[in-house]
Amino acid sequence: MTTPTCRICETPLHTFLDLGHHPLSSAFVAPGDAVDGARDAFRYRLAVGHCARCALVQLTDDIPHERRPYQGYPYHSSGSAVMREHFRATGTQLLRTEMRGKRDAFAVEIGCTDGVVLRTLADAGVRTLAFEPSGYSGHGGVRVHRTFLTAGSARDVVAVEGRARVVYAANTVCDIADLPGFFAGLDELLAADGVFVFEDPYFGEILGRTAFDQFYDEHRYYFTATSVRALAERFGFRLVGIERLPVHGGQLRYTLARPGRRTPAPAVAELLAEEEARGLTVPAALAAFADRVDRVRRDLVALLQGLRAAGRTVAGYAATAKSCTVTTYCGLGPHLVPYVCDSTPAKQGRLTPGARIPVRPPGAFAAPYPDYALLFAWNHAAEIMAAERAFRAVGGRWILYVPEVHVV
Ligand code: TYD
């Protein structure tokens, strides 16, 4: 087998975690589908490596593009009131900062999530456009340019709209296959004094919380301040801002600008120093992380087997993309988790990828309540537990596996 290499600089990767072969996290199956040829039959190796040269943590194996037909399918809406508020606040913050006094400016989002950020800007009179290949425009009715951002597509847009003062992306850059092409597009699109603001899961949090379920096919890169600084400089930009976000179990928001245009905020040097002091990606830290991941698997399987032996009922809660990593890596199926409740209509009535756990609507959760609920959307724990407080009131218990297996 050839050694996997870095997608950016082609240095051989240090593979520190191998979770085995997994189906695509969006490959939900209709119950009548044949096993062979079903959407979830394809497997890829889910392993994670670190590039010592550009510091980038990334999946080691590429998934052929034709195998990813569901990319951009509107599963991405989180169905979370907390996330909608997060995006509304993001739009408001951009209006207060980058757009201040510049309401005639042009703002672009790459991938458009629920459309809330652009809607918030558009409501204040800002001209907006999303680059979204699926054409999905969220719930905000925002204008969509149905393509990836490349130098060519950026030129087409700039010819009509002019250059953008702000380009924003949430949970998108971590899945861009062609980063050189993307940054070439950004270079065409961004005004001289413009900024590119993006947010993605932070590898420092993944490591700190042993949140191995953040590893799946739609996340190719797991950024740190150190790797984003290197990436920005490689493609002609500078990292000038960093903000910690509480959403999705700990994300970072990065601000990039053109060289010499902005003085980097103190938070940038602070986090770079913290990552250095913490030895975030030194081999010993990565090996210890892999050991903790294995421990979570053993503990979770033992807990679920024990509950089954004791005659306790268990249900899953939220058929997230993350849950595909957990069920596949831990070998969970309907024998240990007979069904999972999820608010996404397109997932209900289907089976989860690989594990083939039936997905039921949230209303099925109380009919009757299980004794235990395995929370696959631990990143929305506060919101879900508040909405489902009646479950605990009748003696139900939540099982969480981040940062370690525990019952609340
Ligand atoms: P998210 O963490 O965004 O998932 P992913 O790992 O797929 O990125 O959570 C979204 C999923 O969780 C989606 O399938 C809907 C489900 N969900 C519920 O079922 N109920 C809820 O209250 C919330 C917030 C999410």
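Taken about its Cα centre, the chain carries a charge dipole of about 560 debye when Lys and Arg each add +1 at the Cβ and Asp and Glu each add -1 at the Cβ. When the chain is treated as a GNM with alpha-carbon contacts under 10 Å, the residue of VAL82, VAL195, VAL160 showing the greatest mean-square fluctuation is VAL160.
Beta bridges per DSSP, both residues in the range 257-408: antiparallel share near 20 percent. The alpha carbons of the chain stretch over 65, 46, 42 Å along the principal axes, in descending order. Taken one residue at a time, the phi angles of the range 356-368 give Karplus couplings (6.51, -1.76, 1.60, θ = phi - 60°) of 6, 8, x, 9, 10, x, x, x, 6, 4, 8, 10, x Hz. Gly and Pro are set to x.
The residues packed around PHE198, meaning those with a beta-carbon under 13 Å from its beta-carbon, carry a net charge of -4 if Lys and Arg are +1 and Asp and Glu are -1. Relative to the longest principal axis of the Cα atoms of the chain, helix 179-189 runs at roughly 40 degrees. With a simple spin-label model that places each label point 7 Å from the Cα along the Cα-to-Cβ direction, the separation between ARG84 and ALA285 comes to 3.8 nm. The tail of the calculated P(r) for the range 14-64, taken as Cα-Cα distances beyond 15 Å, holds 55 percent of the pairs.
Dipole orientation for the range 14-64: of the candidates LEU17, ALA30, LEU56, LEU56 has the Cα lying most toward the positive pole (charges on Cβ; Lys, Arg +1; Asp, Glu -1). Using a Förster radius of 30 Å, what is the FRET efficiency between VAL407 and HIS335 based on their Cβ-Cβ separation? Nearest 0.05, please. Once rounded, the FRET efficiency stands at 0.90.
Over the chain, DSSP H runs of length four or greater, each weighted -39,500 (n - 2.57), average out per residue to a 222 nm ellipticity of -9500 deg cm²/dmol. About its Cα centre, the range 80-157 has a charge dipole of approximately 200 debye under the convention of +1 per Lys or Arg Cβ and -1 per Asp or Glu Cβ, with nothing else charged.
For ALA130, neighbours were defined as the other residues whose beta-carbon sits under 9 Å from its Cβ, and their charges (Lys and Arg +1, Asp and Glu -1) total -1. Computed about the Cα centre, the dipole magnitude for the range 77-262 is approximately 720 debye when only Lys and Arg (+1) and Asp and Glu (-1) carry charge, each at its Cβ. Ordering THR344, GLY354, ALA366 by the projection of their Cα atoms onto the charge dipole of the chain, which places +1 on the Cβ of Lys and Arg and -1 on the Cβ of Asp and Glu, puts ALA366 at the extreme positive end. For the chain, the longest principal axis of the alpha carbon atoms and the long axis of helix 151-161 meet at an angle near 60°.
Need one value: the accessible area of SER134 in square angstrom, 1.4 angstrom probe, rounded to the nearest 10. SER134 exposes around 40 Å² with every protein chain in place.
Other residues lying with their Cβ under 11 Å from the Cβ of ARG258 contribute a combined charge of +1, Lys and Arg counting +1, Asp and Glu -1. Considering only VAL293, VAL282, VAL29, the mean-square fluctuation computed in a Gaussian network model of the chain, springs between alpha carbons under 10 angstrom, is largest for VAL282. Gaussian network model of the chain, Cα springs within a sub-10 Å range: biggest mean-square fluctuation belongs to which of HIS335, HIS145, HIS50? Comparing HIS335, HIS145, HIS50 in the GNM, the peak value goes to HIS335. When the Cα positions of GLY249, ILE206, HIS86 are compared along the charge dipole of the chain, HIS86 comes out farthest toward the positive end, with charges on each C-beta of Lys, Arg, Asp and Glu.
Computed from the C-beta positions of GLU243 and VAL394 and an R0 of 45 Å, the FRET efficiency is 0.65 to the nearest 0.05. The heavy atoms of ILE176 offer some 30 square angstrom of accessible surface to a 1.4 angstrom probe.
In the chain, the portion of solvent-accessible area held by carbon and sulfur atoms comes to 51 percent [1.4 Å probe, whole percent, DNA, RNA and ligands not counted].
The values are calculated or read from the model by the stated rules, or taken from the named source; none is laboratory data. Just so it is clear, the structure is predicted and the values come from calculations on it, not from any experiment. All Cβ positions, even for glycine, are placed from backbone atoms using ideal geometry, and neighbour counts span all protein chains on display. With ligands, DNA and RNA removed, areas are computed over all heavy atoms of the protein, side chains included. Shrake-Rupley method; radii C 1.70, N 1.55, O 1.52, S 1.80 Å.
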